[in-house]
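A.B. asks: One structure, pasted below without further comment.
The values are calculated or read from the model by the stated rules, or taken from the named source; none is laboratory data. Predicted model, so just to flag it, every value in this text is computed and none were measured. Backbone-built Cβ (ideal geometry, glycine too); neighbour counts: all protein chains shown. These area figures cover heavy atoms from the full protein model, side chains too; ligands, DNA and RNA do not enter into them. Shrake-Rupley method; radii C 1.70, N 1.55, O 1.52, S 1.80 Å.
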Amino acid sequence: MTSILERAEPYYDPYDYEVDANAHAVWKRLRDEAPLYWNDTYGFFALSRFDDVLPAMLDTNTFSSAHMTVVEMMTPEKTSGGGMMIFMDPPEHTHLRKLVSRAFTPRAINGLEGRVRRLCSGYLDQFMGEESFDFVDDFAALVPPAVILALLGFPEAAADEWRRGVDSAFHMEQGEDGLVGRRTPEEIQNLTTQSLFGMLPAMLEDRRKEPEDDLISVLVHSDLEELDGSSRKLTDAEIGAFVTLLSIAGTETVARLLSWAAVLLARNPHERTILVDDPSVIPNGIEEMLRYEAPSPVNARWVNRDLEYHGKTLPKDSKLILLNGSADRDERHFENADVFDVRRKIDRHTAFGYGTHFCVGAALARLESRIAIEETLQRFPTWDIDDAELEWVHTSTVRGYAKVPIHLR
């Protein structure tokens, strides 16, 4: 069988395990040979160069999120997206984002630092003196759901069940058509919120009577401005959609970022030593990790008008994938793009999106990742990995590892 890298023409398939494992080589061929790529099997175009992807992220009039942002879920008709703002365009998106942003203030995020550090310390201390542990399953995948659910106001005991629900909802098994495991937004919401929604009605009623310092209290008591200038309270269903979106985003992507941290620092021991010797470099190192291996490297948009790219037409009403994971390795924008350098001066990257849909939880993700890496390096300054033991997460939207056993030295 011919390898994807040996094909005469560039080939990209977001559902193909071999493509996932060789993504950067595949994306480089797209950037060099097919910067506007067409996949006839699944009927989508893809942009892979930084100077194409970034402007598209900024132009919500031309590149719409209202037809869904996961290519296998996209439809010609605009959808409600289960009430999730990630599947909306301005002005609807703008009003909802303003409301949610009230819970992601610098004060609120910084106020979580002590809790995040206690969580990280508690998880890591149990492995002191051990020879190995799974960095993802035993640590990196546990911290994000505990933190985001704390921000929302859920009890700590809900975190592990939530994490496993998210993993189940988004995991895709490879079948003959490459699409086994596809789920609608409604199915994902049902799978991931069964346990949380069991306790949510009582929580909403409690917060209406006695608000606490959490996001659910903000959602219950805030007024949503309608397009006609009127205002109203959010319905329970709308609050449920927010809980689903923020919890999924806060669970899956941070876990994948930390999985990459474990792998990249093992593969680049010199860069790891820099962070051990000077922890003040860790925040910049995280930006380099995000650039080098985007946890969410694929974002889909619906094209609202005909466009020209590189001498080819991108037709109106096309499905388009923006490959931000490729854009951030584009040597046209980043010098020595394939070199992992924790001291790199990065003007900007697209790992968190850009413009209207810039990740509302980016500051929280950075806080969690910084503390997780600080606490890890304090205890375990060196470790090795065995590539044969790594286990991929298989979805069409996130990229990283489900299991990263690390061997301590």
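A.B. asks: Name every residue in segment 259-272 that is surrounded by 15 or more Cβ atoms within 10 Å (Cβ to Cβ) and either in a helix (DSSP H, G or I) or under 22 Å from the mean Cα position of the chain (by Cα) (or both), in order of residue number. Full working, then the answer.
C.D. replies: To start, the set of residues in segment 259-272 that are surrounded by 15 or more Cβ atoms within 10 Å (Cβ to Cβ) comprises 259-266, 268, 271-272.
Of everything in segment 259-272, those that are surrounded by 15 or more Cβ atoms within 10 Å (Cβ to Cβ) and either in a helix (DSSP H, G or I) or under 22 Å from the mean Cα position of the chain (by Cα) (or both) turn out to be Ser259, Trp260, Ala261, Ala262, Val263, Leu264, Leu265, Ala266, Glu271, Arg272.
A.B. asks: Can we say Ile286 is in contact with a Ser or Thr (Cβ under 7 Å, 6 or more places away or on another chain) and open to solvent by less than 20 Å² (accessible area, probe 1.4 Å)?
C.D. replies: Details: in contact with a Ser or Thr (Cβ under 7 Å, 6 or more places away or on another chain): yes; open to solvent by less than 20 Å² (accessible area, probe 1.4 Å): yes.
In short, yes.
A.B. asks: Let me ask another. Exactly one condition in (1) open to solvent by less than 10 Å² (accessible area, probe 1.4 Å); (2) modelled with pLDDT of 95 or more is not met by Asp52; state its number.
C.D. replies: Here Asp52 meets the rest and fails (1).
A.B. asks: Could you check Thr60 against (1) open to solvent by less than 20 Å² (accessible area, probe 1.4 Å); (2) farther than 30 Å from Asn336 by Cα; (3) not small (Gly, Ala, Ser) and say which number it fails?
C.D. replies: (1)
A.B. asks: Let me ask something else. I need a count of the residues in segment 345-378 that are part of a helix (DSSP H, G or I), touching a Phe, Trp or Tyr at 6+ places or on another chain (Cβ under 8 Å) and closer than 18 Å to Leu58 by Cβ.
C.D. replies: Residues meeting the conditions: 1.
A.B. asks: Just need a number here: residues in segment 192-214 that are open to solvent by less than 70 Å² (accessible area, probe 1.4 Å) and modelled with pLDDT of 85 or more. Working first, answer last.
C.D. replies: The initial filter retains those residues of segment 192-214 that are open to solvent by less than 70 Å² (accessible area, probe 1.4 Å), namely 192-193, 195-200, 202-204, 207, 214.
Within this subset, residues satisfying the condition of being modelled with pLDDT of 85 or more are 202-204, 207, 214.
Going through segment 192-214 one residue at a time, the tally reaches 5.
A.B. asks: Listed residues Asn299, Asn336; which is open to solvent by 30 Å² or more (accessible area, probe 1.4 Å) and closer than 19 Å to Ile86 by Cβ?
C.D. replies: Working: Asn336 fails: closer than 19 Å to Ile86 by Cβ.
On inspection, the qualifying residue turns out to be Asn299.
A.B. asks: Could you please find all residues in segment 355-408 being hydroxyl-bearing (Ser, Thr, Tyr) and within 25 Å of Arg115 (Cβ to Cβ)? Give the derivation first.
C.D. replies: First, the residues of segment 355-408 that are hydroxyl-bearing (Ser, Thr, Tyr): 356, 369, 376, 382, 395-397, 401.
Passing the criteria: Ser369, Thr376.
A.B. asks: What pairs come up if the first residue lies in segment 112-125 and is closer than 13 Å to Pro144 by Cβ and at pLDDT 95 or above, the second is open to solvent by 50 Å² or more (accessible area, probe 1.4 Å) and not in a helix (DSSP H, G or I), and their beta carbons are under 7 Å apart, counting only those six or more places apart or on different chains?
C.D. replies: none
A.B. asks: Here is a further query. Filter segment 215-233 down to the residues that are without any contact (Cβ under 8 Å) to a residue 24 or more places away in the chain and not in a helix (DSSP H, G or I), then identify the one that is least open to solvent (accessible area, probe 1.4 Å).
C.D. replies: So the first thing to find is which residues in segment 215-233 are without any contact (Cβ under 8 Å) to a residue 24 or more places away in the chain, and the list is 220-221, 223, 228-233.
The next check asks that each one be not in a helix (DSSP H, G or I); those that pass are 223, 228-233.
Numbers: Asp223: 76, Asp228: 125, Gly229: 68, Ser230: 51, Ser231: 74, Arg232: 75, Lys233: 99 Å².
Across segment 215-233, the extreme among qualifying residues is Ser230.
A.B. asks: I'd like the residue in segment 379-408 that is among the acidic types (Asp, Glu) and part of a helix (DSSP H, G or I) and, out of all such residues, is most open to solvent (accessible area, probe 1.4 Å). Don't jump to the end; show me each part of the working.
C.D. replies: Here is the first cut: in segment 379-408, the ones among the acidic types (Asp, Glu) are 384, 386-387, 389, 391.
When the remaining residues are screened for being part of a helix (DSSP H, G or I), the result is 387, 389.
Numbers: Asp387: 93, Glu389: 75 Å².
Here the residue is Asp387.
A.B. asks: Got a sec? Which helices (runs of 4 or more DSSP H) wholly within segment 74-138 have at least 1 residues that are hydroxyl-bearing (Ser, Thr, Tyr) and open to solvent by 50 Å² or more (accessible area, probe 1.4 Å)? Explain how you work it out, then say what you get.
C.D. replies: Working: elements: 92-101, 106-110, 113-125.
Result: 92-101, 113-125.
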